[in-house]
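The values are calculated or read from the model by the stated rules, or taken from the named source; none is laboratory data. What you see is a predicted model, and the numbers here were worked out from it, not measured in a lab. We place every Cβ from the backbone using ideal geometry, glycine too, and count neighbours over all the protein chains shown. Side chains included, ligands, DNA and RNA excluded: accessible areas come from the protein's heavy atoms. Shrake-Rupley method; radii C 1.70, N 1.55, O 1.52, S 1.80 Å.
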Amino acid sequence: MEQVDFLVVGAGIAGLSAAICLARVGRVMVVTKEELAESNTAYAQGGIAVAMGGEEDVALHLEDTMSAGDGLVNREAAAVLVEQGPRRVEELLAWGTKFDRENGELMRTREGAHSRSRILHANGDATGKEIAVSLLRHVREMDSIELMEWTTGVDLLVEGGRVVGATLLDGEGGVRVVRAKAVLLASGGAGQVYSDTTNPAVATGDGIAMAYRAGAEVSDMEFYQFHPTAFSAPGAPRFLMSEALRGEGAYLVNAKGERFMERYHPLLELAPRDVVARAITHEGMDGEVYLDMRGVGIKKDLQTRFPGISKFLAKYRLELGRDLIPVRPAAHYLMGGVRTDVHGRSSLPGLYAAGEVACTGVHGANRLASNSLLEGLVFGVLAAEAMLADDDRAQGPGTRDQAADVVTSVRGGTTGEKATERWIAELRDLMWKYAGLLRDAAGLGEAQRRLDALAVTMPQGMFRRALEARNLHSVAGLIVAAALGREESRGAHYRNDFPERHAAARHSVMAKGRLEFVNN
């Protein structure tokens, strides 16, 4: 058994931001499933939205965020996000983060549902990677932070209704028990619950599942944002075709070569993501949908502006500005998660959450483009400050090694790797088919029945993929239950059988198998 002051699960922008703050006071352990560079943060292409133009800019950023969230945004959380964002970005600049500049000034671009250009980029389309490298460089300079790669969270330790640590599986297959005064979940999203996703393989909803099993409340799990433009070609990964492409002037055209977004929204290609995703789904029923940058390529050097995307497309003999790029929606970002207050406190004492794993309500029913990196940056620090401020976190020695119960419940035999992968593939396929972009009661009911059947054959064993299978099943169940319960269409949640939006905006809240809806 090990003892630290603070345990941080996840090493993306939220986890590292929090660790830097916590390290000033105590010993911090940061764990991540793969190498430190592998997180959703590092995959973020589009940029970081921040209002650095004064009070008017901040006020407009707040209203854009509120509007995109389709009536469900927690205004307090959104205000904190946009007001504290500039300060946090200034810290990144002080730590050496190199955002793109033009004539010495920070370059700002525009993306969907933003009323003005406020998106900062780094290396064209590698913003997340640059931020992650900058944060890691700063973290490595702090002796009080221990970084553990290739370490998977198994379950939280709960004693007397309080989270006091976690059970971990290290890279050699050893079980480690770590006790801490407070635990921060910063483990990212759950895109791997769907067969088509822009998320990396690590995004299996571990933090949400761990928190829910421990008894914490989760909220708004039905709101999964499907990015409108992921690369679509047989056998190719759903590589993200950044919204910044449309911000630079790319059109969407159908198989007939017609530009169609004017039929769906006055903002055309820069409409909120849920609108664009559904429009592409509708237009693509009888053929492909494409991004068309041929007109833009005449005026700009797109290979320099989007080097990562250009390098990817070159593998398929495609080029921005020359070719039509086939696209389709893919699971991208979860607006729901572990229910927290603005300071990252969950419903369980001792447990905090920040970033995509958390649900403060800042995104409402549909996240505003490029607000996610800012969310991790701002709320990671706020959660750390709350962990330091809460004076009831003292703990005595545990009465027993709770990890033994966890290990016993997971082990119970070992499922083969191929069988585990087939099981996971079946779950991901059924979620895409029945609980994806367009939903109805019949499909969601079928998803529940199939998830119940999969529970009987759940992969067993103390190895990473078996643990991820268990977590994906938990997250899938939460998404389906909340989607069935929400009999309306709002933001990223669209019900074919309930196309209208309710007048009252309510959040879904789930804990210990109980679903309820509470006022915004």
Original post:
If you go through region 30-42 one residue at a time, do you hit one that is in contact with a helix residue (DSSP H, G or I) (Cβ under 6 Å, 6 or more places away or on another chain), at pLDDT 95 or above and surrounded by 24 or more Cβ atoms within 10 Å (Cβ to Cβ)?
Top reply: yes
Subject >> Residues located in region 420-459, provided they are modelled with pLDDT under 95 and polar (S, T, N, Q) >> reply: none
Subject >> Residue within region 430-449 that is surrounded by 14 or more Cβ atoms within 10 Å (Cβ to Cβ), among the charged types (D, E, K, R) and closer than 30 Å to Leu156 by Cα present >> reply: no
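To keep it simple, each residue is scored yes or no on (1) small (Gly, Ala, Ser); (2) touching a residue at least 24 places away in the same chain (Cβ under 8 Å); (3) more than 22 Å from Arg75 (Cβ to Cβ).
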position: Asp301; (1), (2), (3): no, no, yes
position: Gly308; (1), (2), (3): yes, yes, yes
position: Tyr316; (1), (2), (3): no, yes, yes
position: Gly336; (1), (2), (3): yes, yes, no
position: Ser346; (1), (2), (3): yes, yes, no
position: Ala365; (1), (2), (3): yes, yes, no
position: Leu368; (1), (2), (3): no, yes, no
Subject >> Qualifying positions in region 199-229 - small (Gly, Ala, Ser) and over 21 Å from His363 (Cα atoms) >> reply: Ala201, Ala214, Gly215
Subject >> Among (1) touching a Lys or Arg at 6+ places or on another chain (Cβ under 9 Å); (2) under 22 Å from Gly191 (Cβ atoms), the one test that Pro237 misses >> reply: (1)
Subject >> Failed condition for Pro200, given (1) at pLDDT below 95; (2) out of contact with any Gly (no Cβ under 9 Å at 6 or more places or on another chain) >> reply: (2)
Original post:
List the pairs whose first member sits in region 160-172 and is farther than 17 Å from Ala209 by Cα, whose second member is open to solvent by less than 30 Å² (accessible area, probe 1.4 Å) and among the polar types (S, T, N, Q), and whose Cβ atoms are under 7 Å apart, counting only residues at least 6 apart or on separate chains?
Top reply: Asp170/Thr151; Gly171/Thr151
Original post:
Which of the residues that make up region 305-324 are surrounded by fewer than 15 Cβ atoms within 10 Å (Cβ to Cβ) and either outside any loop (DSSP other than H, G, I, E, B) or touching a His at 6+ places or on another chain (Cβ under 7 Å) (or both)?
Top reply: Pro307, Lys311, Ala314
Subject >> Sole exception among (1) farther than 13 Å from Leu368 by Cα; (2) in contact (Cβ under 8 Å) with a residue 12 or more places away in the chain for Arg118, by number >> reply: (1)
**OP:** Can you work out which of the residues in region 136-160 that are among the hydrophobic types (A, V, I, L, M, F, W, C) and within 20 Å of Pro200 (Cα to Cα) is surrounded by the fewest Cβ atoms within 10 Å (Cβ to Cβ)?
**Re:** Trp150
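From Pro499, Pro459, which residue is more than 18 Å from the chain's Cα centre (by Cα) and either β-branched (Val, Ile, Thr) or under 13 Å from Ile424 (Cα atoms) (or both)?
Pro459
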Subject >> Those residues of region 189-226 which are small (Gly, Ala, Ser), touching a helix residue (DSSP H, G or I) at 6+ places or on another chain (Cβ under 7 Å), part of a loop (DSSP other than H, G, I, E, B) and over 12 Å from Glu356 (Cα atoms), in sequence order >> reply: Ser195, Ala201
Original post:
If you go through region 256-269 one residue at a time, do you hit one that is open to solvent by less than 10 Å² (accessible area, probe 1.4 Å), under 16 Å from the mean Cα position of the chain (by Cα) and within 23 Å of Ile119 (Cβ to Cβ)?
Top reply: no
**OP:** From (1) of a type outside the set (Val, Ile, Thr); (2) part of a helix (DSSP H, G or I); (3) crowded, with 24+ Cβ neighbours inside 10 Å, pick out the condition that doesn't hold for Glu283.
**Re:** (3)
Original post:
Got at least one residue in region 126-135 being open to solvent by 10 Å² or more (accessible area, probe 1.4 Å) and in a loop (DSSP other than H, G, I, E, B)?
Top reply: yes
Original post:
Of all the residues that make up region 241-255, how many are touching a Phe, Trp or Tyr at 6+ places or on another chain (Cβ under 9 Å), closer than 10 Å to Glu111 by Cα and crowded, with 24+ Cβ neighbours inside 10 Å?
Top reply: 3
Original post:
Has region 332-342 got at least one residue that is open to solvent by 10 Å² or more (accessible area, probe 1.4 Å) and farther than 22 Å from Ala214 by Cβ?
Top reply: yes
Original post:
So which residues in region 67-84 are assigned to a helix (DSSP H, G or I), at pLDDT below 95 and surrounded by 18 or more Cβ atoms within 10 Å (Cβ to Cβ), if there are any at all?
Top reply: Ala68
**OP:** Working only within region 485-518, note down all residues that are part of a strand (DSSP E or B), crowded, with 17+ Cβ neighbours inside 10 Å and not basic (Lys, Arg).
**Re:** His493, Phe498, His507, Ser508, Val509, Met510, Ala511
